[in-house]
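The values are calculated or read from the model by the stated rules, or taken from the named source; none is laboratory data. Bear in mind the structure is a predicted one, so any value in this text is a computation, not a measurement. Using ideal geometry, Cβ is built from the backbone for each residue, glycine included, and neighbour counts are taken over all protein chains shown. We work out accessible area using only protein heavy atoms, side chains counted, and drop any ligands, DNA or RNA first. Shrake-Rupley method; radii C 1.70, N 1.55, O 1.52, S 1.80 Å.
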Amino acid sequence: MSAADDELASLLKRAADHAIAYRQHVAEPEATRAYGEVLPGFDAPLPQQGEPADAVIDALVASAVPGLRATTGPRFFGWVIGASHPVGVAADWLTSAWGQNAGNHTASPAAAAAETVAARWLLELFDLPRESSVGFVTGATLANVVCLAAARGAVLRRVGWDADADGLFGAPPIEVVIGEEGHSTVYSALQYLGLGNKRVRRVASDEQGRMNADAFAATLAQCRGPVIAIAQAGHVNTGVFDPLAQLVPVAKAHGAWLHVDGAFGLWARTSPATAALAAGIDGADSWACDGHKWLQTPYDCGYAIVRDAEAHRAAMTIAASYLPPVAAGERDPSHFVPELSRRARGFATWAMIRHLGRAGIAAMVERHCALARRLARRLATESGVHVLNDVELNQLIVRFGEPEAGEGGDRLTRETIVCIQSDGTCFAGGASWRGRWVMRLSVIGFPMDEAEMDRSADAIHAAWRAVHHANA
Ligand SMILES: *Cc1c(COP(=O)(O)O)cnc(C)c1O
């Protein structure tokens, strides 16, 4: 080995040792320092001279570790965050080491091939139309953007307008119909695409957050001209699904493009125990999903899936003389995403699906749903702790003190969240749900198990008791 080889080997092994040491301790209660406390560890005047590689990596670890959230640990319930499975991490390390640009076939034949196969596997796992195209994007936010861009082009093309070439100025107006519980990133996508995040028709939902199918039909009946309808599979607070089997025929009858935000809920399709929740979803026109949530790939990884592959391509195509042409029947990875140069996300997706297999993915989804129900049961044994949702999937919302809307319950719930976060046994955040502040718990990390649920429930009970006592 040359001296350069030795240096490379010693540097990458050093990074691996740091990573292993971190992951071995991540199950311990966290004492994560806040941004303001970790900033000085990174802060310095612009370096004028370089430093040796191993010193830089050691300094990075020393600065970063105190401010790392235990999202890969077994008791992290914040937002909806997968736990970066070791197999995904290993594949992702190689992705970085290989330094491939996934932008086209020639720049990385292997990256393009892994995406082609991973795309096919995803369509089979979700049982979506096999002719659909899949773009590998950063997450469901961008998947929503890509899918809705395809929708925008397609619905306007049907009325004789080429939005990709001529933009939206002077175009026939598009009506956008969305459930009132749509995710905030869908509104961002509408904003980015010039469709407007206020200029929408909102459809009422039930007390759990499912879109009302009759109200959806009545709203579509009022629409004139091209329509994009947006439904949801997996509400970020309650985990519920819009009634897709009822929405799909209504959207079809109106010639509307139906997009489904299934960032984590689409994975319910992989298990017979939960597939019925998303019945009918394969009748939609496009779907947004994440790899970095339930599939446990490292950040970042999402999928934009579109039934009409031509509409998908038309919305995203990049053409330049120096980009090689694609042979007939081959899939060019850049035809389905906005980026040209980008990370080869197909490798981690391919590796995770191959590692878990269909059965392993289904078992994980089932296990998380069972753990969520266990956590809900355990939490509800303490008086003053109210689980507000029907736990159909993996999400819980919990309120402390008063279940009903009111400042008292809001305050007690906020204080309990502060208390649990400072305790560090487990992490949960808050949200506003139908006028009430709630604690949100997402059961989605692969290391979670029954003992960790019970330990977390005990910690939440203790936090609530402390808050209750202080307020008595
Ligand atoms: C997480 C989530 C998103 C956004 O996905 P990112 O991966 O954060 O970009 C959109 N919709 C729903 C329902 C989600 O849960």
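Residue-wise test of (1) away from the ligand (no atom under 16 Å from the Cβ); (2) in contact (Cβ under 8 Å) with a residue 12 or more places away in the chain; (3) in a loop (DSSP other than H, G, I, E, B).
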| site | (1), (2), (3) |
| --- | --- |
| His259 | no, yes, no |
| Ala273 | yes, yes, yes |
| Leu277 | no, yes, no |
| Trp287 | no, yes, no |
| Lys293 | no, yes, yes |
| Ala304 | no, yes, no |
| Ala311 | yes, yes, no |
| Ile318 | yes, yes, yes |
| Ser321 | yes, no, yes |
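Quick check on the range 179-189. Is at least one of its residues more than 23 Å from Phe264 (Cβ to Cβ) and either acidic (Asp, Glu) or away from the ligand (no atom under 16 Å from the Cβ) (or both)? The answer is no, given that none of the residues of the range 179-189 is more than 23 Å from Phe264 (Cβ to Cβ) and either acidic (Asp, Glu) or away from the ligand (no atom under 16 Å from the Cβ) (or both). Can Val227 be described as buried (at least 16 other Cβ atoms within 10 Å of the Cβ), in contact with a Ser or Thr (Cβ under 9 Å, 6 or more places away or on another chain) and either among the β-branched types (Val, Ile, Thr) or free of Cβ contacts under 8 Å to residues at least 24 places away in the same chain (or both)? Taking the combined requirement at face value, the residue does not satisfy it. Could you check, for the range 212-224, whether at least one of its residues is of a type outside the set (Val, Ile, Thr), within 16 Å of the ligand (Cβ to nearest atom) and either under 20 Å from Leu277 (Cα atoms) or surrounded by 21 or more Cβ atoms within 10 Å (Cβ to Cβ) (or both)? Scanning the range 212-224, I find no residue that is of a type outside the set (Val, Ile, Thr), within 16 Å of the ligand (Cβ to nearest atom) and either under 20 Å from Leu277 (Cα atoms) or surrounded by 21 or more Cβ atoms within 10 Å (Cβ to Cβ) (or both), so the answer is no. Here Ser432 clears all of (1) open to solvent by less than 30 Å² (accessible area, probe 1.4 Å); (2) under 24 Å from Gly82 (Cα atoms); (3) not in a loop (DSSP other than H, G, I, E, B) except the condition numbered (1). Scanning the range 373-385 for residues that are within 27 Å of Gly262 (Cα to Cα), out of contact with any Gly (no Cβ under 8 Å at 6 or more places or on another chain) and surrounded by 19 or more Cβ atoms within 10 Å (Cβ to Cβ) turns up at least one hit.
For the range 23-33, does any single residue satisfy the condition of being more than 16 Å from the ligand (Cβ to nearest atom) and in contact with a strand residue (DSSP E or B) (Cβ under 8 Å, 6 or more places away or on another chain)? Within the range 23-33 (the criterion being more than 16 Å from the ligand (Cβ to nearest atom) and in contact with a strand residue (DSSP E or B) (Cβ under 8 Å, 6 or more places away or on another chain)), the answer is yes, since at least one residue qualifies. Taken over the range 38-59, the criterion of being in contact with a helix residue (DSSP H, G or I) (Cβ under 7 Å, 6 or more places away or on another chain) and either touching a residue at least 60 places away in the same chain (Cβ under 8 Å) or open to solvent by 60 Å² or more (accessible area, probe 1.4 Å) (or both) is satisfied by Phe42, Asp54.
Looking only at residues that are over 21 Å from Ala154 (Cα atoms) and among the charged types (D, E, K, R) in the range 200-246, which one is nearest to the chain's Cα centre (by Cα)? Top of the filtered list is Asp242.
Scanning the range 425-447 for residues that are of a type outside the set (A, V, I, L, M, F, W, C), touching a Phe, Trp or Tyr at 6+ places or on another chain (Cβ under 7 Å) and farther than 11 Å from Val398 by Cα yields Ser442, Gly445. Just to confirm my filter: which helices (runs of 4 or more DSSP H) fall fully inside the range 106-188 and include at least 3 residues that are under 21 Å from Asp282 (Cα atoms) and open to solvent by less than 50 Å² (accessible area, probe 1.4 Å)? In the range 106-188, the matching helices (runs of 4 or more DSSP H) lie at 109-126, 140-157. Within the range 134-165, restricting attention to residues that are among the small types (Gly, Ala, Ser) and closer than 16 Å to Gly346 by Cβ, the residue that is nearest to the ligand (Cβ to nearest atom) is Gly139. Scanning the range 119-133 for residues that are away from the ligand (no atom under 16 Å from the Cβ) and not charged (D, E, K, R) yields Ala119, Trp121, Leu123, Leu125, Leu128, Pro129, Ser132, Ser133. Sub-9 Å Cβ pairs linking a first residue in the range 13-31 that is under 15 Å from Thr71 (Cβ atoms) to a second residue that is among the acidic types (Asp, Glu) and not in a loop (DSSP other than H, G, I, E, B), at least 6 apart or interchain, are Ala27/Glu452; Pro29/Asp423, ordered by first then second residue. Here Asn237 meets each of (1) within 16 Å of the ligand (Cβ to nearest atom); (2) under 16 Å from Leu148 (Cβ atoms); (3) open to solvent by 10 Å² or more (accessible area, probe 1.4 Å) with one exception, condition (2).
Only one entry in Leu375, Leu393 is under 17 Å from the mean Cα position of the chain (by Cα) and either part of a helix (DSSP H, G or I) or of a type outside the set (Val, Ile, Thr) (or both), namely Leu393.
The rows are residues; the columns are (1) part of a loop (DSSP other than H, G, I, E, B); (2) touching a Pro at 6+ places or on another chain (Cβ under 9 Å).
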position	(1), (2)
Ala9	no, no
Leu12	no, no
Glu28	yes, no
Thr32	yes, yes
Ala44	yes, no
Gln48	yes, no
Ala55	no, no
Asp58	no, no
Thr71	yes, no
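Taking the conditions exactly as written (among the charged types (D, E, K, R), crowded, with 18+ Cβ neighbours inside 10 Å and not in a loop (DSSP other than H, G, I, E, B)), does Arg269 satisfy them or not? Yes, satisfied. The condition (being surrounded by 14 or more Cβ atoms within 10 Å (Cβ to Cβ), within 16 Å of the ligand (Cβ to nearest atom) and either in a helix (DSSP H, G or I) or on the phi > 0 side of the Ramachandran plot (or both)) is satisfied by just one residue among Gly82, Gly88: Gly88. Which condition breaks for Ile228 when tested against (1) assigned to a strand (DSSP E or B); (2) within 11 Å of the ligand (Cβ to nearest atom)? Among (1) assigned to a strand (DSSP E or B); (2) within 11 Å of the ligand (Cβ to nearest atom), Ile228 violates only (2).
Here is a check on your reading of the model: is Ser205 open to solvent by 10 Å² or more (accessible area, probe 1.4 Å) and within 13 Å of the ligand (Cβ to nearest atom)? In short, no.
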